[in-house]
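Please read the structure below before turning to the comments.
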Amino acid sequence: MQNINEVIACLRRIKKAIGSGEDNSLIPPAISRNHKHDLASPFTPIFHAPEEFDYPDYVEFEYFQAIDRDYEERGFDALAWYVSFHNGGPWGIFIPVLSLAYIEKRFLKRYRGTRFRKWQIGYDFLLQHELFHFAADYMCAQWEILLQAPCWSALTNYRKREGIDYLEIEEKLANAYMLRQLNKRWTLSARRLILTAIEGSPPGYRDGVTCVDEQTFKSNLAELTKVYIGLHAIEKEINLLTTGVDITAFYTLAERLDASQCPITIIHNEDRFGIPQIGTNFILKIPTIVESESFQKTFRKLDLSLQKRWKKKKQQLAETIPRHPEFEKFADVFSLRLNDNYRVHLRPSNDMAVWEAIAVGTHKEMGHG
Ligand SMILES: [Zn+2]
């Protein structure tokens, strides 16, 4: 994948390809620096939502029910959204914290797991859907640079004139991409509940399930390319129907999608509803770990290979957080797997700057059963 700033710089040299940045209608005015997190590096955020807390009734009436209506019209994009870099202003993926609460309450109510897990699932699903829009934006930009034509703004202006709110085929693909990604990551029971949620979303969105398999997915990718660039391609006498060229290659999906190039903004809209600090504790890495006395006492008696492993794990944590279940919330602490049998329990300081390793032992000794 090309450097995105370079791509945008090239687009700027094409007449009308990039907007003036004045249309900020998709970015809520409430966003200020302390209300969002920019996650600019590869990450697996860990949510630290309080388990005991229940949402006050007015959240249901004032927020969740309003989202119910939006969801019927805009599917997953009622819960999170992507703003194109073609607008010329702030861009990227926007995810409000309360959308995770909404997914927990509406879609994952019957999922047997903690709130913490439900939020992780919700975040993952929203993120993958929106990342597809980023990939489509990138695909379009690549063609625009080749054709030297403002395909994105031509299509967007056409859509606005015709009153077309969204491209059904793009939403279908975004949900299909999401399902393809998450089939590898989440359990069948979580996926089934999300599938039920997708069934209740509008045309396009709800059709994602029909193009999950490789062949249908790819042929739909080719179709979407034609939607974006078809007219300009004909003008330049470029044959998009040839079977000799893989026109889906510009999407940079799968391994080639560098998600870290897309800014992600977490919108902290929970304070509006007096919900205690949630989502403020995104853990991207743990650079500083101290060990409690009792941890050290047990640790010294452990097998040398386990001691070595812990040292290595500490180095890894300084870079990135391993995926569930290697690293997971457990009661009021976090649990790290040293190996199949041994666990380390860690607790963050209030500002998350320093973590303390408080205990180490077999999963049975540590109460994991
Ligand atoms: Zn979408």
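The values are calculated or read from the model by the stated rules, or taken from the named source; none is laboratory data. The model shown is predicted, which means the values in this text are computed figures rather than measured ones. Counting neighbours? That spans all protein chains shown, and the Cβs are built from the backbone with ideal geometry, glycine included.
Looking at Ala154, Ala136, Ala141, can you tell me which residue is under 17 Å from Ala80 (Cβ atoms) and either touching a strand residue (DSSP E or B) at 6+ places or on another chain (Cβ under 6 Å) or part of a helix (DSSP H, G or I) (or both)?
Values: Ala154 fails: under 17 Å from Ala80 (Cβ atoms); Ala141 fails: under 17 Å from Ala80 (Cβ atoms).
Going through Ala154, Ala136, Ala141 in turn, just one is under 17 Å from Ala80 (Cβ atoms) and either touching a strand residue (DSSP E or B) at 6+ places or on another chain (Cβ under 6 Å) or part of a helix (DSSP H, G or I) (or both): Ala136.
Just give me the residues in the range 112-139 being among the hydrophobic types (A, V, I, L, M, F, W, C) and within 25 Å of Glu73 (Cα to Cα), in sequence order.
Our first condition is that a residue be among the hydrophobic types (A, V, I, L, M, F, W, C); within the range 112-139, this holds for 116, 119, 121, 125-127, 131-132, 134-136, 139.
The answer is Trp119, Ile121, Phe125, Leu126, Leu127, Leu131, Phe132, Phe134, Ala135, Ala136.
Here are some conditions: (1) under 24 Å from Gln261 (Cα atoms); (2) more than 20 Å from the chain's Cα centre (by Cα). Tyr158 meets all but one. Which one does it not meet?
(1)
Residues are listed down the side, and each one gets a yes or a no for (1) hydroxyl-bearing (Ser, Thr, Tyr); (2) touching a residue at least 24 places away in the same chain (Cβ under 8 Å):
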position	(1), (2)
Pro56	no, yes
Asp70	no, no
Phe85	no, yes
Trp91	no, yes
Ser99	yes, yes
Lys118	no, no
Glu130	no, yes
His133	no, yes
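Here's a check for you: in the range 100-134, which residue that is small (Gly, Ala, Ser) and crowded, with 23+ Cβ neighbours inside 10 Å is nearest to Ala174 (Cα to Cα)?
Once the filter is applied, the top-ranked residue is Gly122.
What number of residues in the range 132-147 are more than 16 Å from the ligand (Cβ to nearest atom) and among the aromatic types (Phe, Trp, Tyr)?
Going through the range 132-147, the residues more than 16 Å from the ligand (Cβ to nearest atom) turn out to be 141-147.
When the remaining residues are screened for being among the aromatic types (Phe, Trp, Tyr), the result is 143.
Summing the residues that are more than 16 Å from the ligand (Cβ to nearest atom) and among the aromatic types (Phe, Trp, Tyr) in the range 132-147 gives 1.
When only residues in the range 291-339 that are of a type in the set (S, T, N, Q) and in contact (Cβ under 8 Å) with a residue 40 or more places away in the chain count, which is farthest from Lys364 (Cα to Cα)?
Initially, the range 291-339 is screened for residues of a type in the set (S, T, N, Q), giving 292, 294, 296, 298, 305, 307, 315-316, 320, 335, 339.
Still in the list and also in contact (Cβ under 8 Å) with a residue 40 or more places away in the chain: 292, 294, 298, 320.
Working: Ser292: 20, Ser294: 18, Thr298: 15, Thr320: 27 Å.
So the residue we want is Thr320.
Among the candidates Arg191, Arg206, which residue alone is without any contact (Cβ under 8 Å) to a residue 24 or more places away in the chain, under 30 Å from Leu108 (Cα atoms) and part of a helix (DSSP H, G or I)? First the steps, then the outcome.
Values: Arg206 fails: without any contact (Cβ under 8 Å) to a residue 24 or more places away in the chain.
None of the other options fit; the residue is Arg191.
Among the residues of the range 218-237, which ones are farther than 18 Å from Ile145 by Cα and basic (Lys, Arg)?
Answer for the range 218-237, where residues must be farther than 18 Å from Ile145 by Cα and basic (Lys, Arg): just Lys218.
How many residues are surrounded by fewer than 17 Cβ atoms within 10 Å (Cβ to Cβ) and not in a helix (DSSP H, G or I) when one looks only at the range 157-168? Before the answer, list the steps.
Initially, the range 157-168 is screened for residues surrounded by fewer than 17 Cβ atoms within 10 Å (Cβ to Cβ), giving 157-165, 168.
Add one more test, that the residue is not in a helix (DSSP H, G or I), and what stays is 163-165.
Residues flagged as surrounded by fewer than 17 Cβ atoms within 10 Å (Cβ to Cβ) and not in a helix (DSSP H, G or I) within the range 157-168 amount to 3.
Taking only pairs six or more apart or across chains, which ones have beta-carbon atoms under 7 Å, a first residue in the range 170-187 that is assigned by TED's automatic domain parsing to the domain that holds Phe76 and within 15 Å of the ligand (Cβ to nearest atom), and a second residue that is in a helix (DSSP H, G or I) and aliphatic (A, V, I, L, M)?
Here the result reads Glu170/Ala136; Glu170/Leu224; Leu173/Leu221; Leu173/Leu224; Asn175/Ile198; Leu179/Val209, each pair linking the range 170-187 to a residue that is in a helix (DSSP H, G or I) and aliphatic (A, V, I, L, M).
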